[in-house]
Structure formats: C-alpha cells, structure tokens
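Visitor: Take a look at this one; I'll ask things after.
Every number in this text was worked out from the coordinates using simple rules, so none of it is lab data. Owing to the predicted nature of the structure, the values given are computational and were not obtained by experimental measurement. Please note: Cβ atoms are built from the backbone with ideal geometry, for glycine as well, and neighbour counts cover all protein chains shown.
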Amino acid sequence: MREGWLIDGNNHWSMRFHRDEKSWLRDQRVFVDMGRSMPNGEPALLKSRRHLRLDEATVLWKSLRSYGWQQTDPVWGPDAEP
C-alpha cells in the first residue's frame, strides 16, 4: 500500500491513506488524513491526521467502505501537506 483515497457518499469529505515512509521498515504505520477540496482553486481544507498501525488503518478502510465510502482519485496535492 502506497496511497489510497476514499470519499463519503455525499462527495464532501475525503480520506487519504498513505505510508509513513520513516517507520515502514521497522513498524508499519499509515497516515490517515481527512479533508475536502475547496472551491475556486483554494487550498484543500485538511481537518485531521491520524497515525495508525497498518492493521488499524486496514480495519478503518474496510469499515468506511462498509458505510458507503467509495474509492476515488486524489482530491488534493502535496502542497496541502501539513
């Protein structure tokens, strides 16, 4: 897993799941960012970031999918990184 994106059923909030490259070899962890795109080319609104073990991130991904979240293309770019 390098990166995965989900969007809620209302196409409002998105979640980005991406590796923490610094910890990947010794303790596989994933960043989970929640945010949404903004109108008129404004920077994305990043609401939260979680740092989870890979197994916890996998459970969260599956849970969100079961609640109707869909896979999507990237919603914001690297310029939105905290």
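Visitor: What order, most packed first, do the peptides 27-34, 58-65, 40-47 have when packing is the mean number of other Cβ atoms within 10 Å of each residue?
Guide: Working: 27-34: 17.8, 58-65: 13.9, 40-47: 11.0.
The packing order, highest mean first, is 27-34, 58-65, 40-47.
Visitor: Can I ask one more? Would you mind computing the Rg to Rh ratio of the chain from its alpha-carbon coordinates, Kirkwood style for Rh?
Guide: On the way: Rg = 12.7 Å, Rh = 13.1 Å.
Rounded to two decimals, Rg/Rh equals 0.97.
Visitor: Still on this structure, please answer the following. Remind me, relative contact order of the chain in percent, using alpha carbon pairs under 8 angstrom and six or more residues apart?
Guide: Details: 127 pairs, mean separation 25.1, N = 82.
It rounds to 31 percent for the chain.
Visitor: Given only helices, namely DSSP H runs of n ≥ 4 each adding -39500 (n - 2.57), what is the per-residue ellipticity at 222 nm of the chain, to the nearest 500 deg cm²/dmol? Intermediate values should be presented prior to the final figure.
Guide: Numbers: 1 runs with 13 residues, N = 82.
So the helix-based figure for the chain works out to -5000 deg cm²/dmol.
Visitor: If you don't mind, another one. Using the Karplus equation 6.51 cos²θ - 1.76 cosθ + 1.60 (θ = phi - 60°), what ³J(HN,Hα) coupling, rounded to whole Hz, does each residue of region 34-48 give in order, writing x for Gly and Pro?
Guide: Taking θ as phi minus 60°, the curve returns 10, x, 8, 6, 10, x, 6, x, 5, x, 4, 9, 9, 8, 7 Hz for region 34-48.
Visitor: State the antiparallel share, in %, of DSSP beta bridges confined to the chain, rounding to the nearest 5. Please report the intermediate quantities before stating the final value.
Guide: Values: 21 of 21 bridges.
Bridges in the chain are about 100 percent antiparallel.
Visitor: Extension gain S48-D73, at 0.36 nm per residue separation less the Cα-Cα distance, in nm?
Guide: Details: separation 25, 0.36 × 25 = 9.00 nm, distance 1.93 nm.
The S48-D73 span can extend by a further 7.1 nm.
Visitor: Work out from phi, with θ = phi - 60° and the Karplus expression 6.51 cos²θ - 1.76 cosθ + 1.60, the ³J(HN,Hα) of each residue of region 17-33, listed in order in whole Hz, and give x for Gly and Pro.
Guide: Karplus-based 3J(HN,Hα) across region 17-33 equals 9, 8, 4, 8, 4, 5, 10, 4, 6, 9, 8, 4, 10, 10, 8, 10, 9 Hz.
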